[in-house]
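Here is the structure we will look at.
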């Protein structure tokens, strides 16, 4: 409706406290590219994060000053925002961030939790899970599902397919090493049980070998 008020979540805070909270969250997001918070805070921070990327893509002095007023540590993060992040999303028209729902962190009120992350980064959850699924399918020798193939198209739309293949190979190596370690552990446990059984059998055999006189003297000494 024209002329209507903008709807947003108040987050149980007044205007200044809400703005300070969102500035802190988006500062952490730019620094780490991946934060975990409540779902409501993640959705509101997502708006501010998308605004920062838009300012970075315009790359002029007024936009730089606006971004400087949002970030709490501009001297540290402005070079990353107008450098690495700007170059990453230069050909994107939108969708710079993603909100992923997670299990509630607070066991008392079961409030909705979520992960807010920059897409196509080092900590992109969809990219990691797609690579892990592909690795598992290859190890089991089964074809990938249509959902997995669709995710492959999504995660490689703005990044090189070689990055995905490298990550798949890493997961395959980790899975193979994990199975080998588990096999060695099981083999060690089985060897220990076998050694214990053989030791018990040796004790039984020793009772028949040791002379009765020596065995009797040993029992008297124990008493």
May I ask you to sort 8, 39, 89 by Cβ crowding, counting other Cβ atoms within 10 Å and putting the fewest first? 8, 39, 89
Quote the Stokes-Einstein diffusion coefficient, in whole µm² s⁻¹, for segment 81-155, based on the Kirkwood radius over alpha carbon pairs, a temperature of 37 °C and a viscosity of 0.692 mPa s. 223
So what is the relative contact order for segment 1-123, in percent, with contacts set as C-alpha pairs under 8 Å and at least six apart? 31
Principal axis extents for segment 1-123, Cα atoms only, whole Å, descending order, please. 45, 40, 29
Can you compute the radius of gyration and Dmax for segment 124-174, using only the Cα atoms, both in Å? 10.1, 29
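No value in this document is a laboratory result; all are computed from the given coordinates. The model shown is predicted, which means the values in this text are computed figures rather than measured ones. All Cβ positions, glycine included, derive from the backbone under ideal geometry; neighbour counts span all protein chains shown.
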